[in-house]
DNA sequence: TCATCAACTGATACCAGGTGTCAACTGGTG
DNA sequence: CACCAGTTGACACCTGGTATCAGTTGATGA
Ligand SMILES: [Mn+2]
Ligand SMILES: [Mn+2]
Ligand SMILES: [Zn+2]
Ligand SMILES: [Zn+2]
């Protein structure tokens, strides 16, 4: 589990200034257990709302944190991006279409496919995107009774 | 290779009416060789532009065609969706970050992963999303000289 | 401790892509 | 050819995201 201190160290280590807004975003980000969207964060710490951080700063900071691998950007079933902070390193997620809960997995089936793809297509492969969608256990139960939760 | 007639038959087969706008969208769609966005199609056959079809109709028709597996919806390197019509069936694409060109591949490395994921996470798995990003051969060359093409 | 200044911020305005509405229209059927 | 559910498209609207830029501030070193 990453702490605010850890993340702050990482920021400094990469030449970023440790600013008040940045620290606040980091703190907020680490509190989420589920994937969250940029707009959710805007609602939580954005100007006028809970905090006083500009929309642009929030978007910028998320980008930085993702580039430093502190956050993983994933794609929700609705196609919109979200962020999650589980831990460092390459991973993918299985995301619940009902409640948004994500579970990470570290085995990447694409990696072993890359050489063959590169050879067959002559593409220079740089990146990939993999999301698995489904319904989590608790949403499976609520599907039989009411509509699933959303938090 | 799918023809307009084929697609029209598929539409009717699924209880959709064969309307003038729908046919025009189908025709336009089949002419693309590269992935295209909804807005691109709006520019091509949208009201006032080349044609006279409303934005809403275009978006609706694309959704229908994707649901019928006539089109595959893929995600571009910039994160925005695009459509491509190669042929029917489950496939994924490797997309060029330079020019948007996509090459399909039919081998899906996720399929064999699903049982283990379902067992480990207790999720009910419904779908997945896989895109591979890179640079196509022709954009690799132009990278050394000018900026890559865009068509 | 303080002066300096590049990095950073956030208000504002803007934009693209996409959706909801609803009166008018039309393909297909009998 | 009358009928009407399915469909259309103009329009208003919304969300998520970006560009700009004058003002602010964290880090550095004197
Ligand atoms: Mn991977
Ligand atoms: Mn697949
Ligand atoms: Zn769930
Ligand atoms: Zn290319």
- Query: (1) closer than 29 Å to residue A:128 by Cβ; (2) assigned to a helix (DSSP H, G or I): which one isn't true of residue A:2, the others all being true?
  - Reply: (2)
- Checked A:129, A:113, A:117 against criteria (part of a strand (DSSP E or B) and either at the interface with chain B (Cβ under 7 Å from one of its Cβ atoms) or modelled with pLDDT under 95 (or both)); the one match is A:129
- Item | Number of positions in segment A:108-140 that are more than 16 Å from ligand 4 (Cβ to nearest atom) and surrounded by 14 or more Cβ atoms within 10 Å (Cβ to Cβ) | 17
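Residue-wise test of (1) more than 22 Å from residue A:80 (Cα to Cα); (2) modelled with pLDDT under 95; (3) in the same structural domain as residue B:2 (by TED's automatic domain parsing).
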position: B:36; (1), (2), (3): no, no, yes
position: B:51; (1), (2), (3): yes, yes, yes
position: B:55; (1), (2), (3): no, no, yes
position: B:60; (1), (2), (3): no, no, yes
position: B:69; (1), (2), (3): no, yes, yes
position: B:76; (1), (2), (3): no, yes, yes
position: B:80; (1), (2), (3): no, yes, yes
position: B:83; (1), (2), (3): no, no, yes
- Message: Taking the condition of being more than 15 Å from ligand 3 (Cβ to nearest atom) and within 26 Å of the chain's Cα centre (by Cα), how many residues in segment B:111-130 meet it?
- Response: 7
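So is residue B:15 surrounded by 15 or more Cβ atoms within 10 Å (Cβ to Cβ) and either at pLDDT 95 or above or more than 16 Å from ligand 1 (Cβ to nearest atom) (or both) or not? It would help to see each step written out before you state the result.
Working: surrounded by 15 or more Cβ atoms within 10 Å (Cβ to Cβ): no; either at pLDDT 95 or above or more than 16 Å from ligand 1 (Cβ to nearest atom) (or both): yes.
Criteria not met by residue B:15.
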- Which residues, counting only those in segment B:50-78, are outside any helix (DSSP H, G or I) and within 10 Å of DNA strand D (Cβ to nearest atom)? B:51, B:52, B:53, B:54, B:78
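The values are calculated or read from the model by the stated rules, or taken from the named source; none is laboratory data. What you see is a predicted model; the values in this text were computed from it and never measured. Note: ideal-geometry Cβ built from the backbone for every residue, glycine included; neighbour counts use all protein chains shown.
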